[in-house]
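Take a look at the structure below.
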Amino acid sequence: MELSIIIPVYNVEAYIEKCVQSLQQQDIPKDEYELIIINDGSPDNSREVELRLMNTFSNIVFIEQENRGVSLARNAGIDRARGKYLLFIDPDDCVEPHTFSRVLKAADEQYAEVIFLGYKFLNADNSVKREVLFAAEKGKVYPGIKVYTVSRGDGTTDPDRSWAILFDRDFINRHQLRNIANVPYLEDGEFLARVLCLAERCIFEGNSFYIRTTRPGSATNSRLFNSDRAINGFFNAADSLKRFKERPSLKKEQVNFLNRPIIKFTLLIVQACVGKGHYYQYKEVKKRLKINGFEKLDLTGCFGLYYRYGLLFNISNDLFYWAWTTRLFLISVRKRFLSFL
């Protein structure tokens, strides 16, 4: 089997059928790929829609579990998968028709472990907000450490994502790479950092493939970022990467690379506190940073924003807190000013 598509489902009964239909409108035989749908204790009617789709399409595998979050739902899919490659799909997104043979061929030809696929963001009215293809990088092979930077292109941040990427399943299983629990926001970044730390052959396929939709109420469009759950999750992600960094098998350049995502998650802890506007909470978080060994950050191997923000944080945690507070205030003032024009 060539491909296992892993779809965690929670509260998306209005979207899941469109997603699955797009995955069926493909150009390889149905017995060469499987759709693993994990119902993560969804309280709506998603289960009924999924079971109906399973009766319609022969290549659907259905898994049902109590609500454990998207990360553990994806893990269940990885454990069940049989395909040569893994593809994670969010159930409110879809893919371009007749594209599977093309992306699988690119992966096979380059013996790739990680394949970045082109994607587009849609506005709520389905107009294209942004398209990212990296066509100029097509055909080039990068180590994961390098591709982490290349994927950010001209400075426009490429989200740390699991979607729109093909993963070689043997590579994932050989290194025992799985998502960690209790990171409810930006969880993809922790997983991807470990993947790219170890990957030696990464490519950009260079063509349109994944369609990212805008859905009110989704995690990336909610107030979750400023919640206690998110703050605790950022601590979990930073701690996980810190422990991963201590693996004796890692080379020096891999260890230095991990400093970047560790810095990112540590700064996110403080930024989330700023967004809540509760200085008293930040003081408690500051104590946790010290206890967990994140009061000072290792900047070795870092550059650009990682280095500048990390340096400011190391000079003084408080200085970074107030600098970020000022930044958000100025952004707010600018938005209000422009609204009057």
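The values are calculated or read from the model by the stated rules, or taken from the named source; none is laboratory data. Since we're looking at a predicted model, the values are computed, not measured. Note that each Cβ is placed from the backbone with ideal geometry, even for glycine, and that neighbours are counted across all protein chains shown.
Annotation: residue 326 fulfils all but one of (1) of a type outside the set (A, V, I, L, M, F, W, C); (2) modelled with pLDDT of 95 or more; (3) over 22 Å from residue 187 (Cα atoms); the unmet one is (2). Residue check: residue 272 meets all listed conditions (1) modelled with pLDDT of 95 or more; (2) within 26 Å of the chain's Cα centre (by Cα) but one, namely (1). Residue 79 satisfies every condition listed in (1) closer than 22 Å to residue 189 by Cα; (2) in contact with an Asp or Glu (Cβ under 8 Å, 6 or more places away or on another chain) except (2). Of the residues 74, 80, the single one that is basic (Lys, Arg) and either surrounded by 15 or more Cβ atoms within 10 Å (Cβ to Cβ) or not assigned by TED's automatic domain parsing to the domain that holds residue 162 (or both) is 74.
Here are some conditions: (1) within 25 Å of residue 93 (Cα to Cα); (2) part of a loop (DSSP other than H, G, I, E, B); (3) modelled with pLDDT of 95 or more. Residue 203 meets all but one. Which one does it not meet? With (1) within 25 Å of residue 93 (Cα to Cα); (2) part of a loop (DSSP other than H, G, I, E, B); (3) modelled with pLDDT of 95 or more applied to residue 203, the lone miss is (2). Across segment 115-125, the qualifying residues are those that are touching a residue at least 12 places away in the same chain (Cβ under 8 Å) and out of contact with any Leu (no Cβ under 7 Å at 6 or more places or on another chain), and the one among them that is farthest from residue 92 (Cα to Cα) is 116.
Among the numbered criteria (1) over 15 Å from the mean Cα position of the chain (by Cα); (2) under 28 Å from residue 36 (Cβ atoms); (3) not hydrophobic (A, V, I, L, M, F, W, C), which single criterion is violated by residue 125? Here residue 125 meets the rest and fails (2).
All told, residue 121 meets the bar of being at pLDDT below 95, aromatic (Phe, Trp, Tyr) and within 26 Å of residue 49 (Cα to Cα). Scanning segment 1-20 for residues that are farther than 19 Å from residue 85 by Cβ and in contact (Cβ under 8 Å) with a residue 24 or more places away in the chain yields a total of 9.
Take the residues in segment 105-127 that are assigned to a helix (DSSP H, G or I) and among the small types (Gly, Ala, Ser), then tell me which one is surrounded by the most Cβ atoms within 10 Å (Cβ to Cβ). Walk me through how you get there before you give the answer.
So in segment 105-127, the residues assigned to a helix (DSSP H, G or I) come out as 105-109.
Filter once more, so that each one left must be among the small types (Gly, Ala, Ser): 106-107.
Numbers: 106: 20, 107: 24.
Among residues in segment 105-127 that are assigned to a helix (DSSP H, G or I) and among the small types (Gly, Ala, Ser), the one surrounded by the most Cβ atoms within 10 Å (Cβ to Cβ) is 107.
Scanning segment 130-160 for residues that are at pLDDT 90 or above, part of a loop (DSSP other than H, G, I, E, B) and either among the charged types (D, E, K, R) or under 15 Å from the mean Cα position of the chain (by Cα) (or both) yields 138, 140.
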